[in-house]
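Notes follow the structure.
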Amino acid sequence: MSKVIVVGGGAAGMMAAVFAAENGHHVQIYEKNDRLGRKLFITGKGRCNITNASDVEELFQAVVSNPKFLYSAFYSFTNEQVIDFFENLGVKTKVERGNRVFPVSDHSSGRFKENCTVSAFRYLFVRKWKKYV
């Protein structure tokens, strides 16, 4: 088992940590804010807009400049896989106007935060996160 350090505990950093841990690595996250996922939890007016449920081709049409840049990202980990990821953590989701996907709870606190950070990291053995300056 190798050691992995993830710098930044935003959405991408947390996902990187989860997948590294899922593949047997010892992971530490370093984040400058007092908690992980701070910006993620305030999206969608505090309800946490997880992803968009539109067809991937529709998502490309919504990209103003250079949609080809996002091609590999959108097809490497699709919006359907994002929804499945959260559902497997116990976060029930719903689709609203504009195909925006939110937790059924309608807010990013409580069970959603618990499942996304503490429970997922304990289960996948992300050992700890440290605040850095």
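Here, each number is a calculation from the coordinates, and none is a lab measurement. Note that the structure is predicted; figures quoted are calculated from it, not measured. Neighbour counts run over all protein chains shown; Cβ positions are idealised from the backbone, glycine included.
With the calculation restricted to Cα positions, what are the radius of gyration and Dmax of region 10-73 in angstrom?
Looking at region 10-73, its Cα Rg and Dmax stand at 15.0, 39 Å.
Could you give the dipole magnitude of region 1-46 about its Cα centre, charging the beta-carbon of Lys and Arg +1 and that of Asp and Glu -1, in debye to the nearest 20? Numbers along the way, then the final one.
Working: 6 positive and 3 negative charges, 43 e Å.
Result for region 1-46 is approximately 200 debye, rounded to the nearest 20.
Hey, got the Cα dimensions of region 1-111 along the principal axes, in Å, largest first?
40, 34, 26
So how strong a dipole does region 59-103 carry about its Cα centre when Lys and Arg Cβ are +1 and Asp and Glu Cβ are -1, to the nearest 20 debye?
180
Compute the distance in nm between two label points, each set 7 Å from the Cα along the Cα-to-Cβ direction, one at THR43 and one at ALA12.
My value for the distance between the label points is 1.3 nm.
Using +1 at the C-beta of Lys and Arg and -1 at the C-beta of Asp and Glu, which of PRO67, ILE5, MET15 has the Cα lying farthest in the positive direction of the dipole of region 1-67?
So the residue furthest toward the plus end is ILE5.
Normalised by the residues of region 1-56, what does the relative contact order come to in percent, with Cα pairs under 8 Å and at least six apart?
Numbers: 63 pairs, mean separation 19.2, N = 56.
Reported relative contact order: 34 percent.
Which of the peptides 80-93, 15-28 is most tightly packed, and how do the rest follow, judged by the mean count of other Cβ atoms within 10 Å per residue? Before the final figure, lay out the partial values.
Working: 80-93: 15.0, 15-28: 17.4.
Highest-to-lowest ranking by the protection proxy: 15-28, 80-93.
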